[in-house]
Amino acid sequence: MSNINDRQTNHRHELDEWRKKIDAIDSELSTLLCQRLNCAQNISSLKQRIGEEVLQPAREKEVLANVLSQADSERKACVLEKIYKCIIEETRLFQHEHKNQQQTLSPR
């Protein structure tokens, strides 16, 4: 019985270690996503100044292709595609909100 408890304790410790790694990665990801949103905000301002639309399907396809080329398996590529489609969609909404906010603040 002691041997089973020892294995469970070892597995629990290993699980905790993997979770700590995920927590560290999540911390890095959230920092990087905030940086990405800052870039998107600047891009939104530039698009507004040069008269470009927020939605640019060709660029979105390019971003997605770049990300998917980094995947080391087909399964991971499928998951990354779903994740990045959400990131792109939310970033586009963020740019629209920024654009609308800028238009409200700008004197006409």
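Values in this text are rule-based calculations from the coordinates and carry no lab data. Note that the structure is a prediction, hence the values are computed from the model and not measured. A quick note on method: Cβ atoms are made from the backbone with ideal geometry, for glycine too, and the neighbour counts reach across all protein chains shown.
Laid out as a table, the results:
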read-out: The chain: relative contact order as a whole-number percent, Cα under 8 Å and 6+ apart; value: 32
read-out: Cα-only radius of gyration and Dmax that characterise the stretch 45-108, units Å; value: 15.1, 52
read-out: Residues residue 53 and residue 22, FRET efficiency given R0 of 25 Å [Cβ-Cβ distance, rounded to 0.05]; value: 0.10
read-out: Among the listed pairs 76/99; 21/99; 21/47; 20/99; 21/76, those beyond 27 Å (Cα-Cα); value: 76/99; 21/99; 21/47; 20/99
read-out: Nearest 10 degrees, 0 to 90: helix 57-68 Cα axis against the chain principal axis; value: 20
read-out: Shape metrics for the stretch 2-105, restricted to C-alpha atoms - Rg then Dmax, Å; value: 20.1, 71
read-out: The stretch 6-48, Cα convex hull volume normalised per residue, Å³; value: 35
read-out: For the chain, built as a Gaussian network whose Cα springs stay under 10 Å, the top-fluctuating residue of 60, 17, 97; value: 17
read-out: Net lengthening on full extension, residue 96/residue 38 (0.36 nm per residue, minus Cα-Cα); value: 19.5 nm
read-out: Neighbourhood net charge (15 Å Cβ-Cβ; Lys/Arg +1, Asp/Glu -1) for residue 21; value: -4
